[in-house]
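Input: a single structure, listed below in structure tokens.
The values are calculated or read from the model by the stated rules, or taken from the named source; none is laboratory data. Please read these numbers as outputs of a predicted model, since none were measured by experiment. Using ideal geometry, Cβ is built from the backbone for each residue, glycine included, and neighbour counts are taken over all protein chains shown. Please note that ligands, DNA and RNA were not included when accessible areas were found on the heavy atoms of the full protein model with its side chains. Shrake-Rupley method; radii C 1.70, N 1.55, O 1.52, S 1.80 Å.
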Amino acid sequence: MSEQSTSPPGPAPSLSEVLETVEQLWPLHLQEPWDASGLVTGRPDQPVRRILFAVDPVADVVAEAVSTGADLLVTHHPLLLRGVTSVAADGFKGAVVHELIEHRCALLACHTNADSAPDGVSDAVARAAGLTTTTPLAPHPADPAVGIGRVGDLVRPVRLRELAQRLADAVPPTAHGVRVAGDPDALVRRVAVCGGAGDSLFDEVRAAGADVYVTADLRHHPASEAREAATGPGAGGTPYLVDLSHFASEWLWLPVGAAALREALAARGHDVRVDVSARRSDPWDFRIDHADHDHPDHDHPSRPVHDLAADLAAPTAGGPA
């Protein structure tokens, strides 16, 4: 996905000028204390004519950046989130660093600063869900107007199934698909969202009175406990859960971020091509569905688990009786 100006090319900005523009859009002070957003490779004075946006700085994405002549690769996820003692090219991260440097392609991570900032990752998820007005789910201490996650009300209530389908239609297809916990015919209006892994925010979701929580990477125990709390004594059954692929939920921001940076650079007099990566960096390649889930009307497994256990315990043909 890309847009190119038809006007004569203006002077190429330096990498440091691009970083100044990025700082206006997604300020580094908004990143979480544990994060590692910021510049990974690149000389401040190098010219930038072409930029590629992607979710992950994996080898396939870096190869795309190099093959298309990108001067800067902007990824959501950091390459070096945890400390390393070597970037030798005999390791996969070191190989990526060498590939970038040898082809004069800078690498910039905009992670939780792009989560918290206006028009960031969770705002993109919120728009895909149909929310038009939102507030932060977990306001940032330095600026309560922004923060991690968003919560707001749909213009009209919709059934949980419809909301999940709306999101499935908006995100790129992955083996993960879209998983849902809750009554598919239940009406929902108040929606909380968090792009990426959001199972640390269940307290905030409940405090916000959300009917449904849209996030990604929901682990078994936090999801199970959230549903137990929602259906336990005195509870009303909510929030329901919609679990997206981590990659897919954050991919929604790439076209938004790319357009914002392109326009901000143009306002400074720079005509820079900004593309969105065509590579799918979701780590999963395929999924095997159970037979009971092959029919679209089967929202829940129709066969009791004890029947399946009996099949597993039964002797196979030709085996011992």
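The table below gives the values:
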item: Enumeration of residues in the stretch 195-221 that are under 26 Å from Ala117 (Cβ atoms), open to solvent by 10 Å² or more (accessible area, probe 1.4 Å) and in contact with an Asp or Glu (Cβ under 9 Å, 6 or more places away or on another chain); result: Ala197, Asp199, Phe202, Asp217, Leu218
item: Qualifying residue in the stretch 55-63 (condition: farther than 16 Å from Cys194 by Cα, out of contact with any Phe, Trp or Tyr (no Cβ under 9 Å at 6 or more places or on another chain) and modelled with pLDDT under 95); result: no
item: Options Arg150, Arg104; residue that is among the charged types (D, E, K, R) and within 23 Å of Ala197 (Cβ to Cβ); result: Arg150
item: Residue in the stretch 161-171 that is farthest from the chain's Cα centre (by Cα), counting only those that are open to solvent by 30 Å² or more (accessible area, probe 1.4 Å) and either closer than 19 Å to Ser281 by Cα or among the β-branched types (Val, Ile, Thr) (or both); result: Asp169
item: Within the stretch 12-105, helices (runs of 4 or more DSSP H) holding 3 or more residues that are open to solvent by 20 Å² or more (accessible area, probe 1.4 Å), of a type in the set (D, E, K, R) and free of Cβ contacts under 8 Å to residues at least 60 places away in the same chain; result: 92-102
item: The stretch 141-165 - residue that is part of a helix (DSSP H, G or I) and not hydrophobic (A, V, I, L, M, F, W, C) and, of those, farthest from Thr238 (Cα to Cα); result: Gln165
item: Answer from Pro47, Pro27, Pro13, Pro33 - the residue that is in contact with a His (Cβ under 8 Å, 6 or more places away or on another chain) and of a type outside the set (Phe, Trp, Tyr); result: Pro13
item: Residues within the stretch 179-200 that are more than 15 Å from the chain's Cα centre (by Cα) and in a loop (DSSP other than H, G, I, E, B), tallied; result: 6
item: All positions within the stretch 64-112 that are modelled with pLDDT of 95 or more and of a type in the set (Ser, Thr, Tyr); result: Ser67, Thr68, Thr75, Thr112
